[in-house]
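All remarks here apply to the structure that follows.
Please treat every number below as a calculation from the coordinates, not as lab data. Since the structure is predicted, the reported quantities are computational estimates derived from the model, not experimental observations. No Cβ is skipped: glycine too gets one built from the backbone with ideal geometry, and neighbour counts run over all protein chains shown.
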Amino acid sequence: MDYLQILYLIVGGLIGLFIESFSITSLRENQLRAATLSSTLFMVFALIWFASYFIFSPPDIILIVALIVVLVLATLFFMPVGSTSSLKAGPVTGRFDERDVVFSREEYQPGSDRYGQYYSMHPEYRSVDDAIRKLPELLQPGGRYYDPIESARIDAIFDEIQTMTTRVDGPVSNPRQQVDPTEITKAIKQNVLQMGADDAGIAELDPMHVYSHVGRGPHPWGEPIVNNHRYVVAFSLEMRYDPVQTAPDLPITAETASRYLLGAQISIELAEYIRSLGYPARAHISGSNYQIILPAVAHNAGLGELGRMGYLISPRLGARIRLGAVTTDLPLVVDKPVPFGVWDFCKRCLKCAINCPAGAISAAGTSDVRGVHKWQLNAEQCLRYWRTIGTDCGICMKVCPYSHPPSFVHNIVRAAIRRSSFARTVSVWGDEFFYGRKLAVN
Ligand code: SF4
Ligand code: SF4
């Protein structure tokens, strides 16, 4: 046996190993279609590559051609080809009013002062919001997935988070400790990760990412929001794969609630710690307490890219994350946005748009939203669907190709699509072939 033949067999062995690893990973993820198709692919490949070698003893030229084809495809797959540009953001042209957020609007009850004031300013939202308000509230009787025991348990977690809104800010200790920005940045990130976050990053707080007026929560409705903090510490928390795969049923909402609770605990503790050093800090927690637009600040802090579905997509966990943040004046070292191909991948993929039962995700191009070119979610249609089923849905998170767990095979594909436009095209085809384009939802 000469070197060429040995090389041919080694390359075939590596390809076979990769396909078989994918089968095992798919079985672990309970993706039976992908496991079956990849096992079949493994057998077909083994038959063509190895059986033909041992049965027909092909001439060297055939082995050379086969190896060249593999080399060219591997090069295209892993080499930097095409653009990895992220969303295009010019200067953001205005602040967003929290009173306009759909979760604020659904709380304006007909007959109340707030209802009268808001819809005199925005009559265009009245009929769509009235229709949403007539539907059962999330986790309440009437929703398709309502369960008296489990829904009540999840509701209790959200209630617990509400009680924490009084602890997001507080007095700043005196005297102020002198800190080294590099050291304290490292310590803060480590602290956040030790408390259970998956990733942490720092950005300068863009004033345009601060809501303009209070729309929810304990502060007076309609009051201008003032937050002049210089920095934001943003972090992400993993939503576990198995509950996400149950979407749109209750376990994904339970997972959402538990992540928000952990996010609230982390951000409140971090803000308290920073204030004890003598610097102002405010936690921003789920429900009715954000002063800032979390996906935008997390993008600037390098935690991920905004995808078509409007969620932040993280390099390691895809859309399976929830976000938390603390704003502060503690001197910190900032991170940069990290483009890793999501923008380009989403242009080809469309899977969330195809599978969204509410038709809330745009299958078209991006639009200019206050200076940022991005896909605009139809939040009213999304919320209407949530209130029909009684959960927070999450089908888009479930079907997104980036949402697979960070296993050996998925990490190799992630590494490729981070660099190569060719890999993105092939991976979109591969995802449709192995997992299906449109998923059945109960
Ligand atoms: S959560 Fe559900 S309804 Fe909302 S955008 Fe995602 S798939 Fe559509
Ligand atoms: S499902 Fe596809 S199009 Fe939608 S966010 Fe994920 S990668 Fe982008």
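Of interest is the spacing of the C-alpha centroids, which for region 6-63 and region 296-326 amounts to 36 Å. Extending 7 Å from Cα along the Cβ direction at residue 17 and again at residue 54 yields two label points whose distance is 1.9 nm.
Computed from the C-beta positions of residue 269 and residue 65 and an R0 of 51 Å, the FRET efficiency is 0.25 to the nearest 0.05. The charge dipole of region 95-398, taken about its Cα centre with unit charges on the Cβ of Lys, Arg, Asp and Glu (plus for the first two, minus for the last two), comes to roughly 560 debye. Across the alpha-carbon set of region 338-442, the Rg to Rh ratio works out to 0.98, Rh being the Kirkwood radius. Of 63, 25, 217, which is farthest towards the positive pole of the chain's charge dipole, taken about the Cα centre with +1 and -1 on the beta-carbons of Lys, Arg and Asp, Glu respectively? Positive-end residue among those listed: 63.
With +1 on each Lys and Arg Cβ and -1 on each Asp and Glu Cβ, how big is the dipole of region 144-270 about its Cα centre, in debye rounded to the nearest 20?
Magnitude of the dipole: close to 300 debye.
Legend: distances between Cα atoms for 186/374; 351/374; 134/374; 374/438; pairs beyond 26 Å are 186/374; 134/374. When shorter helices are ignored and each DSSP H run of at least 4 residues is given -39500 (n - 2.57), the per-residue value for the chain at 222 nm works out to -14500 deg cm²/dmol. Cys residues of the chain that find no other Cys beta carbon under 4.7 Å: 346, 349, 356, 382, 393, 400.
With coordinates expressed along the principal axes, the C-alpha atoms belonging to the chain extend over 84, 56, 41 Å, beginning with the largest. In the chain, a dipole from Cβ-located charges (positive for Lys and Arg, negative for Asp and Glu) runs towards its positive end, and of 399, 226, 9 it is 9 whose Cα lies farthest in that direction. Compute the helix-to-body angle for 148-163: its Cα long axis versus the longest principal axis of the chain, expressed 0 to 90° and rounded to tens. Helix 148-163 sits roughly 60 degrees off the main axis of the chain. Cα centroids of region 179-211 and region 101-121: how far apart, whole angstrom? Going from one Cα centre to the other spans 35 Å.
Extending 7 Å from the Cα toward the beta-carbon at both residue 174 and residue 117 defines two label points whose distance is 3.4 nm.
Charges were assigned to the Cβ only: +1 to each Lys and Arg, -1 to each Asp and Glu. The resulting dipole of region 297-442 about its Cα centre is roughly 320 debye. Which angle between 0 and 90 degrees, to the nearest 10, do you get for helix 60-78 versus the longest principal axis of the chain when only C-alpha atoms count? With both axes taken from Cα atoms, the answer is about 10 degrees. Stretching residue 93 away from residue 212 to a fully extended chain increases their span by 41.6 nm, per 0.36 nm per residue minus the current alpha-carbon distance.
Per-residue Cβ neighbour counts within 10 Å put 327, 366, 185 in the sequence 366, 185, 327, beginning with the fewest. Selection among 177, 356, 235 by position relative to the dipole of region 95-398 gives 356 as farthest towards the positive end (Cβ unit charges, Cα centre). Rounded to the nearest 10 degrees, the inclination of helix 379-389 to the longest alpha-carbon principal axis of the chain is 90 degrees.
Computed over the chain with a Gaussian network model linking Cα atoms closer than 10 Å, the most mobile of 264, 283, 379 is 379.
In plain terms, the chain from residue 75 to residue 103 could stretch by 5.3 nm, reckoned as 0.36 nm per residue minus the Cα-Cα distance. Applying 0.36 nm per residue to the separation of residue 415 and residue 187 and subtracting their alpha-carbon distance, the gain on full extension is 79.2 nm.
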